1. Can you pull out the residues in region B:258-295 that are charged (D, E, K, R), touching a residue at least 60 places away in the same chain (Cβ under 8 Å) and either assigned to a loop (DSSP other than H, G, I, E, B) or under 24 Å from residue A:287 (Cβ atoms) (or both)?
2. Among the candidates B:181, B:265, single out the residue that is polar (S, T, N, Q), modelled with pLDDT of 95 or more, open to solvent by 30 Å² or more (accessible area, probe 1.4 Å) and closer than 29 Å to residue A:192 by Cα.
3. If I ask for residues that are over 13 Å from residue B:170 (Cα atoms), more than 7 Å from chain A (Cβ to nearest Cβ), open to solvent by 20 Å² or more (accessible area, probe 1.4 Å) and part of a strand (DSSP E or B), which ones from region B:201-236 would you list?
4. If I filter region A:191-200 for residues that are under 30 Å from residue B:201 (Cβ atoms), surrounded by fewer than 20 Cβ atoms within 10 Å (Cβ to Cβ) and of a type in the set (D, E, K, R), do I get at least one hit?
5. Check residue A:260 against each of (1) open to solvent by 10 Å² or more (accessible area, probe 1.4 Å); (2) more than 12 Å from every other protein chain (Cβ to nearest Cβ); (3) of a type in the set (Ser, Thr, Tyr); (4) on the phi < 0 side of the Ramachandran plot and name the one condition it does not meet.
6. Look at region B:139-183 and say how many of its residues are within 14 Å of chain A (Cβ to nearest Cβ) and of a type in the set (Ser, Thr, Tyr).
7. Of B:244, B:277, which residue is at pLDDT below 95, buried (at least 19 other Cβ atoms within 10 Å of the Cβ), under 24 Å from the mean Cα position of the chain (by Cα) and of a type in the set (Ser, Thr, Tyr)?
8. Does residue A:82 fit the bill of being under 29 Å from residue A:287 (Cα atoms) and either open to solvent by 10 Å² or more (accessible area, probe 1.4 Å) or under 15 Å from the mean Cα position of the chain (by Cα) (or both)?
2 protein chains.
Amino acid sequence: MGKSRVLPGAERMPSCGCPRDKALNGYKKMSKYVHGYSDRESKRLQDQADTLDELLHHDTIFPAKSEILEAGCGVGSQTKIIARKNPSCHFTSIDISERSLGIARSLIRKSRMQNVTFQKGDVFNLHFGPESFDHVFVCFLLEHLADPVQALSNLRNVLRTGGTITVIEGDHGSAYFYPRSDAARKTIDCQIKLQAMHGGNALIGRELYPLLCKAGFSDCRVGPRMVYVDSSKPSLVDGFIKNTFAAMIEGVEHEALSNSLMDKSEWKRGIKDLYRTTEDDGVFCYTFFKGKAVKKRQ
Amino acid sequence: MGKSRVLPGAERMPSCGCPRDKALNGYKKMSKYVHGYSDRESKRLQDQADTLDELLHHDTIFPAKSEILEAGCGVGSQTKIIARKNPSCHFTSIDISERSLGIARSLIRKSRMQNVTFQKGDVFNLHFGPESFDHVFVCFLLEHLADPVQALSNLRNVLRTGGTITVIEGDHGSAYFYPRSDAARKTIDCQIKLQAMHGGNALIGRELYPLLCKAGFSDCRVGPRMVYVDSSKPSLVDGFIKNTFAAMIEGVEHEALSNSLMDKSEWKRGIKDLYRTTEDDGVFCYTFFKGKAVKKRQ
């Protein structure tokens with residue numbers, strides 16, 4: 001579902017996209033990117049984090065006084081939540097974008113939290129020594145990377161033996177809704193195709209288990225975190241369907257149309273049908289996946 | 001996901017199908033049907049019920065001494081579970097198929113349970129007076145009906161004011177997996193199309209909320225029950241992916257090919273790819289929906 005990240009110097013970015021700045025080094029060159037450049041996108045990301053807080057993070061609890069690496073903190077939407085939930089822990093939150101880090105620093109400062117240090121950093125070229133952290137936390141990052149196994153393997157290296165990694169990713173193939181609509185489905189498929197064109201993978205949630213295993217982690221456990229929304233849950237109708245999911249899909253209109261993935265009238269119908277699911281008889285489903293695994297001696 | 005039901009006189013049935021016997025009266029004529037005619041299909045249904053027991057029924061608990069109508073009990077796979085979990089309640093379990101009822105009676109007799117009465121009955125022509133039951137239970141029935149709202153409305157009529165209805169249905173559009181495979185996806189889509197051709201709806205899970213509302217129920221609450229399977233859960237790999245889901249899809253091969261929905265080589269590849277998800281790096285997701293609603297005075 002993405003976080004705000006901006007390539008320095010990017011003048012304009014497609015509002016979906018991958019492999020993001022993260023993957024630039026040695027993987028897939030891209031000229032520009034990003035979820036979260038515009039004010040509207042920043043608001044969307046904040047809505048998403050607020051709405052999903054309990055679902056994704058009710059169990060993001062680390063042992064007291066842990067040293068934790070948050071890889072790919074973006075504008076700090078998740079940082080704010082997990083740092084507050086673990087006040088005795090210290091977070092080193094890295095991102096490749098100075099601009100995103102600036103926004104994240106400001107967010108944490110406003111929240112008066114003292115337990116986060118922000119640093120510029122790249123998961124493909126980490127500047128920490130082996131076994132530097134007790135735990136690693138990754139949220140909405142792997143979907144943007146061309147080589148997620150390499151990234152996880154690098155993160156494993158800076159994790160102490162016995163430490164854990166926690167990973168959360170979405171999966172746009174898990175989105176389905178009522179009333180059904182082929183046009184709406186196609187707008188989502190556009191986002192999936194565009195993310196793949198940028199070297200990312202919007203369907204990565206279902207892959208967390210094999211990815212963690214391939215990266216050398218042990219005791220891998222993955223579970224779904226499904227968002228089910230009908231009109232008995234008005235805060236999710238607004239917070240998730242409208243402000244998070246539909247807003248994200250709407251954000252790729254320009255790129256989808258300019259790549260001729262859909263024509264404009266069908267696109268408009270698809271977006272209208274996505275919003276149609278927010279009416280009284282509508283239903284919307286989406287699933288995130290949360291995985292946890294341990295670094296054991298190999 | 002269906003239950004065993006057989007039309008008396010049906011010589012051979014497609015192993016998917018709808019609107020099943022239930023919908024025959026005044027809705028959509030069909031000549032034959034059924035999940036669960038063959039021994040293999042009966043075993044599949046039993047595997048399904050055993051595997052999903054905890055997920056679907058951990059909270060299928062009724063107030064002590066309730067009178068409960070189970071509509072569409074089929075061969076009794078769910079009856080056995082809910083009757084055991086509610087030993088002080090009495091179940092009236094109806095099905096339109098005498099043959100299925102015979103199997104169900106035998107199953108319950110073998111389990112030495114005394115709290116179930118089986119009767120032949122049709123949700124479109126119920127023979128009970130108004131307000132006859134404290135609660136109604138429906139599982140894997142609506143997916144086979146051409147008019148599920150009418151069925152729910154009829155069931156509401158025989159429920160006492162203040163009583164509840166519990167409904168469980170699957171949704172084949174919720175199935176996704178790793179490794180991804182277009183051919184495997186197409187085999188599932190065949191099952192969905194065939195069920196629609198028979199007047200049913202294999203995508204009904206997501207619709208439970210609006211269906212219950214339209215049938216006049218109040219305080220409708222629906223939640224997903226997602227089955228997530230990776231190789232860390234070997235009993236689900238066998239019990240759900242192989243013996244329940246893939247077996248069900250395999251069961252419609254003849255009907256899918258004879259309706260030219262896929263060609264044989266693509267079908268074979270699709271089925272092979274479904275089983276491929278049972279390997280060490282495979283993942284399979286499927287979601288059931290469980291709804292509960294109250295009859296209030298209108």
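1. Once the filter is applied, which keeps residues that are charged (D, E, K, R), touching a residue at least 60 places away in the same chain (Cβ under 8 Å) and either assigned to a loop (DSSP other than H, G, I, E, B) or under 24 Å from residue A:287 (Cβ atoms) (or both), region B:258-295 yields B:273, B:276, B:281, B:290, B:292, B:295.
2. B:265
3. Of everything in region B:201-236, those that are over 13 Å from residue B:170 (Cα atoms), more than 7 Å from chain A (Cβ to nearest Cβ), open to solvent by 20 Å² or more (accessible area, probe 1.4 Å) and part of a strand (DSSP E or B) turn out to be B:218, B:219.
4. Within region A:191-200, one or more residues are under 30 Å from residue B:201 (Cβ atoms), surrounded by fewer than 20 Cβ atoms within 10 Å (Cβ to Cβ) and of a type in the set (D, E, K, R).
5. (4)
6. The number of residues fulfilling the criteria is 4.
7. It is B:244.
8. Values: under 29 Å from residue A:287 (Cα atoms): yes; either open to solvent by 10 Å² or more (accessible area, probe 1.4 Å) or under 15 Å from the mean Cα position of the chain (by Cα) (or both): yes.
Yes: the conditions hold for residue A:82.
The values are calculated or read from the model by the stated rules, or taken from the named source; none is laboratory data. No experiment lies behind these values; they were computed from the predicted model shown. Cβ coordinates were reconstructed from backbone atoms using ideal geometry, including for glycine residues, and neighbour counts include every protein chain displayed. The accessibility values were calculated without ligands, DNA or RNA, using every heavy atom of the protein model including side chains. Shrake-Rupley method; radii C 1.70, N 1.55, O 1.52, S 1.80 Å.
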